[in-house]
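J.: Please find one structure pasted underneath; my questions will follow.
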Amino acid sequence: MLKYLSKRLFFAIPTLIVISFVLFALLDLAPNDPTGNLPQTIPQEVREEIRESLGLNKPFHIRYFKWMQQFFVNEPLNLIEEVTGLEIGDSDSRLRVRSWLTRSPVVDLIIERLPQTLWVVGLSYIVGIMIALPIGVISAYKQYSWFDQIGTFISMVGFSVPTFFTGLVMIIIFSVTLSWFPSTYDTTHVVKDLQSLWFQVKQMAMPVMVLAFYNAAQLSRFMRASVLENLNLDYVRTARAKGLRDRSILLKHILRNSMLPVITMIALGVPTIFTGAIITEQVFRVNGIGQLLITGIQSADIPLVQSLSFLFAVLIVTFNLLADVIYGILDPRIRYE
Amino acid sequence: MRRTPIIALIILSILFLASCSRETTSEDSVDSDEDLADNIAEVDRNLKLLYWQAPSTLNPYLSSGTKDIEAASIVIEPLAHYDANAKKVPILAERVPTVENGDISEDYRSITWHLRQDIVWSDGTPLTSADVVFSWKYCTHEEAGCTGKDSFRDVEQVVAVDDHTVRIDFTKPAPFPFGPFVGSVSPVLQYQQFKDCLGLRAQECTEANFYPIGTGPFIVDEFRANDTVQYRANPHYREEGRPFFDTVVIKGGGDAASAARAVLQTGEFDYAWNLQVEPEVLANMRNAGRGEVLTAFGSQVERIMVNQTNEDPSLDADTRSVYLNGNNPHPFLSDISVRRALSLAIDRQILVDVGYGIAGQPTCNVIPLPEQYVSTNNEDCKTQNIDEANRILDEAGWIKGSDGIRAKDGVRLSLLYQTSTNSVRQGTQSLIKGMWQQIGVETELRNIDAAVFFGGDPGSPDTLQKFFADVQMYTNNFEGNDPSNYVEGWQCGNVPVPENQWVGPNISRGCSEEFDSLLDTLSETFDVDERVAIIKQLNDIVVQNVWEIPLIHRARVSAKSNTLKGFELNGWDSELWTIAEWYREE
């Protein structure tokens, strides 16, 4: 297992370097320009100077290596300094990865955005799982019953209706007509007493439900399929023949076996919590990581988009590895050699 | 385990209801004096603004769009700004300089500003001429990449005559010396705060860029880039009892339609900025009765640029859409009758009704305001005249072929029509395509992402400067209330060509000696009325030569809640220019 792990980790490094290069090249080839959103009254000469000040006119490889140095050396050093309070080398003149849009360090922007993304997207993931698992199990166990039919219908709706539509419908029902929930998310809100907690619950309600619905729809179908696959296997028949009750067959035998692929699915989906939900964040103005990414893309903010997408790549690679490890631990039949 | 959140929810809702009922009971038991005090306290003194494009920085000199300039305008201020009628109003200065009061020199080579003595920065230190001089140095530093640099065009130096007097010298006579420090695009920064941020260091002064010290009615409390800005009232603000609001929040994100909804339908916000939304959607939301939609006209004109050079894709990079001293004319758009017919065939009123509503008016001029500069010689374009357009084309020898498309000597009237990606623009494009079809002109439509089209990257073939199309449509305007710099754009020498990295404002590549010599006269004329007359003539040359087809005079559109009073929208400066006077009345 350890040997396998170290091998995987070793291969992850070149993978990530290749990813970072491809990302940088793609962003560089993209035709949009950081001065694109400036008012028309600003002449071309001034735009050229702005590009110059951003370092956009330097050759590709220099910009790439500069980013590598800033991202892999300067930023971690800075993070260590901030956590430990130590000063390593000449920290004042060390260049950090700066967003072109805000001229502030990208890492600070990400840290500022994480809480709302984790709250909203993370919670929706948990809620989604809690809804999906029982529905999946029951619909499989009572295949073709009315419960299964309705469940199938609802998950098909959740699957095929995009979140910008469900989000809008929810806003019109719960914000415009009923005025129960606010349609915008206040990122500066601080939970300090029960009343502010209640406000937090209210402002999270709609985005969390929209995303949870979407997540649950996917996951419950997967859970159902997995349980169905196990229902007809030999060990279930053996258990029945032994005279075990249906309840314990389902919960002790089938569930444990059919959870294996589902847990892998869940683990693989965890990075999406950090990448945020671009559309849902826009609809409810949650302004988390997803919204940061999309504003970065729209304004050709290469350092921001590059750093963010690279972090996503790291998360995805890590959780892929983690999913494999969990699988090995949960299922002793699987051995990595 | 799964039951705990539900129980928590129930407890929470009970607590919430309990706290609500407590509030109502306390209100019953107050006497009349306290009642009044309560009433004042009850008026919500928090102002909530919605800018769906969220501010990215509060330093307007490093901004990436108008949103940043607006968000900064309630903190840092220029010497004077423009009111809703495009008139200059002094803010940090005693008075607006004129030749009559002696502040503008007779030869128009220098302008003197007298700063008000009573202005202090929000940290309590006085505003002095050193701050003004520094702001000029800050923005004109070659490595700064300053967005407002064009305001300092032709400025030779900015001198502090004394602590409260500043003289700006120009390298040549400047008939309009109000570029520097007039309008929110070129405000005064505090020397003390920004002194170490010159040139490339400007990028690293995050703290100063996010929390600028200003003289305006509000102070930045918290800045979250591309998300939220929180302000509180400035205790050092120059006017007693202002501003009326204690705090201001600018929230960003989402899109224009949902921003309009948050003000007009749900009432969560007091004001929303820049709402280019289809008119019927806006009208629907307005019916909820919570707020109103406001418009203010400035100098923005949506227009079609008509390419005067040959843009044939088969030409090489040094020839395609390159002016070549007039030796590379467009195969059919160089014919004035074709250009006139294109303009005549357009029904501008329909374009307004479908795409703009109250946010637009048909126009036939490239200078639509201020009033005195508006030419009255081109009004006939406001009525569509298909018959006349057809007649002109027939006369010029463009004959309809079997496919209904006109042609002459094997050249077909087939156009490539490009613009930026935007639902209103695509709607306008397809309407115009239909209108041109009626005069036997074939149109192919194309749209390009705004960041590419307007980005002006010399490496991209899709920028409006390269103009690799026959016609293209976008909005242009001029800064401030004086079109002098703007009309210079159509000089022959300002055509974008590969040699100058495609830099230059003469996008349609129209060029005439008449125009250039008139422009020379303008630069030697200082009499205001004469200048106005010349600028009108210049406008007429552009329009009557149909280098550009003006379509729609566009307004700024914003929405405000019914409870917000003291509001006046402005088409010439920051929309928040009177924020100190805003108040709430339930």
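J.: Within segment A:299-311, can one find any residue that is over 13 Å from A:L27 (Cα atoms) and free of Cβ contacts under 8 Å to residues at least 40 places away in the same chain?
T.: Looking through segment A:299-311, none of the residues is over 13 Å from A:L27 (Cα atoms) and free of Cβ contacts under 8 Å to residues at least 40 places away in the same chain.
J.: Right, something else. From the residues in segment A:14-53 that are among the hydroxyl-bearing types (S, T, Y) and more than 7 Å from chain B (Cβ to nearest Cβ), which one is nearest to B:G489 (Cα to Cα)?
T.: A:S20
J.: Any idea which residue in segment B:196-235 is farthest from B:S73 (Cα to Cα), counting only those that are of a type in the set (V, I, T) and outside any strand (DSSP E or B)?
T.: By that ranking, first place goes to B:T206.
J.: I need a count of the residues in segment B:427-442 that are closer than 19 Å to B:E302 by Cα and either of a type outside the set (G, A, S) or touching a Lys or Arg at 6+ places or on another chain (Cβ under 8 Å) (or both).
T.: Of the residues in segment B:427-442, 7 are closer than 19 Å to B:E302 by Cα and either of a type outside the set (G, A, S) or touching a Lys or Arg at 6+ places or on another chain (Cβ under 8 Å) (or both).
J.: Further, regarding this structure: Can you tell me which of (1) within 14 Å of chain A (Cβ to nearest Cβ); (2) on the phi > 0 side of the Ramachandran plot is the one B:A86 doesn't meet?
T.: All conditions are met except number (1).
J.: Oh, and also: Assuming A:I50 fulfils every condition listed in (1) surrounded by 19 or more Cβ atoms within 10 Å (Cβ to Cβ); (2) without any contact (Cβ under 8 Å) to a residue 12 or more places away in the chain; (3) not in a loop (DSSP other than H, G, I, E, B) apart from one, which condition is it?
T.: So the condition that A:I50 fails would be (2).
J.: Would you mind finding the one in B:D516, B:D529, B:D520 that is surrounded by fewer than 20 Cβ atoms within 10 Å (Cβ to Cβ), among the charged types (D, E, K, R) and in contact with a Gly (Cβ under 9 Å, 6 or more places away or on another chain)? Walk me through it before giving the result.
T.: Numbers: B:D529 fails: in contact with a Gly (Cβ under 9 Å, 6 or more places away or on another chain); B:D520 fails: in contact with a Gly (Cβ under 9 Å, 6 or more places away or on another chain).
Unique residue meeting the criteria: B:D516.
J.: Which residue is nearest to B:Q117 (Cα to Cα), if the candidates are limited to segment B:219-235 and must be within 13 Å of chain A (Cβ to nearest Cβ) and in contact with a Lys or Arg (Cβ under 8 Å, 6 or more places away or on another chain)?
T.: B:D221
J.: Follow-up question, since we're still on this one. Among the residues of segment B:255-264, which ones are surrounded by 24 or more Cβ atoms within 10 Å (Cβ to Cβ) and either touching a residue at least 40 places away in the same chain (Cβ under 8 Å) or of a type outside the set (D, E, K, R) (or both)?
T.: Step one: of segment B:255-264, the residues surrounded by 24 or more Cβ atoms within 10 Å (Cβ to Cβ) are B:258-264.
Listed by number, the residues that qualify are B:S258, B:A259, B:A260, B:A262, B:V263, B:L264.
J.: Something else: Output the residues belonging to segment B:280-303 that are over 19 Å from B:Y51 (Cα atoms) and out of contact with any Pro (no Cβ under 9 Å at 6 or more places or on another chain).
T.: Of everything in segment B:280-303, those that are over 19 Å from B:Y51 (Cα atoms) and out of contact with any Pro (no Cβ under 9 Å at 6 or more places or on another chain) turn out to be B:E280, B:A283, B:N284, B:N287, B:A288, B:G289.
J.: Let me ask something else about it. Being in a helix (DSSP H, G or I) and small (G, A, S) is the filter; apply it to segment A:282-300 and report the residue that is farthest from the other protein chains (Cβ to nearest Cβ).
T.: Quick first cut of segment A:282-300, residues in a helix (DSSP H, G or I) only: A:282-284, A:289-298.
Narrowing further to those that are small (G, A, S): A:290, A:296.
On the way: A:G290: 11, A:G296: 9 Å.
Taking the candidates together, the pick is A:G290.
J.: Determine whether B:D227 is modelled with pLDDT under 95, under 26 Å from B:R556 (Cβ atoms) and surrounded by fewer than 19 Cβ atoms within 10 Å (Cβ to Cβ).
T.: When the stated conditions are applied, B:D227 does not pass them.
J.: For segment B:315-324, indicate whether the set of residues that are under 30 Å from B:V366 (Cβ atoms), in a strand (DSSP E or B) and modelled with pLDDT under 95 is non-empty.
T.: Within segment B:315-324, none of the residues are under 30 Å from B:V366 (Cβ atoms), in a strand (DSSP E or B) and modelled with pLDDT under 95.
J.: Here is a follow-up. Which one of A:P332, A:P303, A:P271 is surrounded by fewer than 21 Cβ atoms within 10 Å (Cβ to Cβ) and either touching a Phe, Trp or Tyr at 6+ places or on another chain (Cβ under 9 Å) or basic (K, R) (or both)?
T.: A:P271
J.: Could you tell me which residue of segment B:423-459 is farthest from the other protein chains (Cβ to nearest Cβ), considering only residues that are out of contact with any strand residue (DSSP E or B) (no Cβ under 8 Å at 6 or more places or on another chain) and in contact (Cβ under 8 Å) with a residue 12 or more places away in the chain?
T.: Across segment B:423-459, the extreme among qualifying residues is B:Q438.
J.: Moving on. Going through A:Q44, A:Q40 one at a time, which residue ends up being over 22 Å from A:V314 (Cα atoms), surrounded by 15 or more Cβ atoms within 10 Å (Cβ to Cβ) and touching a strand residue (DSSP E or B) at 6+ places or on another chain (Cβ under 6 Å)?
T.: Among A:Q44, A:Q40, only A:Q40 is over 22 Å from A:V314 (Cα atoms), surrounded by 15 or more Cβ atoms within 10 Å (Cβ to Cβ) and touching a strand residue (DSSP E or B) at 6+ places or on another chain (Cβ under 6 Å).
J.: May I pose another question? Residues B:T112, B:T128, B:T140: which one is surrounded by fewer than 21 Cβ atoms within 10 Å (Cβ to Cβ), within 30 Å of A:W100 (Cα to Cα) and hydroxyl-bearing (S, T, Y)?
T.: B:T140
J.: List the helices (runs of 4 or more DSSP H) inside segment B:417-525, counting only whole elements, that have at least 2 residues being within 30 Å of A:F60 (Cβ to Cβ) and either modelled with pLDDT under 95 or of a type in the set (S, T, N, Q) (or both).
T.: B:450-453
J.: Right, next: Looking at (1) surrounded by 22 or more Cβ atoms within 10 Å (Cβ to Cβ); (2) of a type in the set (A, V, I, L, M, F, W, C); (3) more than 20 Å from B:V542 (Cα to Cα), which one does B:I367 not meet, given that it meets all the others?
T.: For B:I367, the exception is condition (3).
J.: B:V182 fails exactly one of the following numbered conditions: (1) more than 10 Å from chain A (Cβ to nearest Cβ); (2) under 25 Å from the mean Cα position of the chain (by Cα); (3) surrounded by fewer than 19 Cβ atoms within 10 Å (Cβ to Cβ). What is the number of that condition?
T.: (3)
J.: Does segment B:61-99 hold any residues that are touching an Asp or Glu at 6+ places or on another chain (Cβ under 7 Å) and under 23 Å from B:G254 (Cβ atoms), and which are they?
T.: Within segment B:61-99, just B:E70 meets the criteria.
J.: Related question: Counting only residues that are part of a helix (DSSP H, G or I), under 17 Å from A:S124 (Cα atoms) and of a type outside the set (A, V, I, L, M, F, W, C), how many does segment A:149-204 have?
T.: Matching residues across segment A:149-204 total 8.
J.: B:Q361 fails exactly one of the following numbered conditions: (1) surrounded by 24 or more Cβ atoms within 10 Å (Cβ to Cβ); (2) touching a Pro at 6+ places or on another chain (Cβ under 9 Å). What is the number of that condition?
T.: (1)
J.: Restricted to segment B:470-489, and to residues that are touching a Pro at 6+ places or on another chain (Cβ under 8 Å) and away from chain A (no Cβ under 11 Å), which residue is surrounded by the most Cβ atoms within 10 Å (Cβ to Cβ)?
T.: The qualifying residue surrounded by the most Cβ atoms within 10 Å (Cβ to Cβ) is B:N481.
J.: Answer yes or no as to whether A:V97 is within 8 Å of another protein chain (Cβ to nearest Cβ) and either closer than 23 Å to B:N209 by Cβ or touching a strand residue (DSSP E or B) at 6+ places or on another chain (Cβ under 7 Å) (or both). Please lay out each step first, then the result.
T.: On the way: within 8 Å of another protein chain (Cβ to nearest Cβ): no; either closer than 23 Å to B:N209 by Cβ or touching a strand residue (DSSP E or B) at 6+ places or on another chain (Cβ under 7 Å) (or both): yes.
So A:V97 does not fit the description; no.
J.: Residues in segment B:236-254 that are away from chain A (no Cβ under 14 Å) and either without any contact (Cβ under 8 Å) to a residue 60 or more places away in the chain or outside any loop (DSSP other than H, G, I, E, B) (or both): how many?
T.: Taking segment B:236-254 first, the residues away from chain A (no Cβ under 14 Å) are B:236-246.
Still in the list and also either without any contact (Cβ under 8 Å) to a residue 60 or more places away in the chain or outside any loop (DSSP other than H, G, I, E, B) (or both): B:240-241.
Residues meeting the conditions: 2.
J.: Can you tell me which residue in segment B:459-469 is surrounded by the fewest Cβ atoms within 10 Å (Cβ to Cβ), limited to those that are among the small types (G, A, S) and more than 16 Å from A:N37 (Cβ to Cβ)?
T.: B:G459
J.: Let me ask something else about it. Could you give me the residue pairs with C-beta distances under 7 Å whose first residue belongs to segment A:191-218 and is within 11 Å of chain B (Cβ to nearest Cβ), whose second residue is of a type in the set (F, W, Y) and assigned to a helix (DSSP H, G or I) wherever it lies, and which are 6+ apart or on separate chains?
T.: These pairs meet every condition: A:Q195/B:F16; A:W198/B:F16.
The values are calculated or read from the model by the stated rules, or taken from the named source; none is laboratory data. Computed from a predicted structure; not experimentally measured. Backbone-built Cβ (ideal geometry, glycine too); neighbour counts: all protein chains shown.
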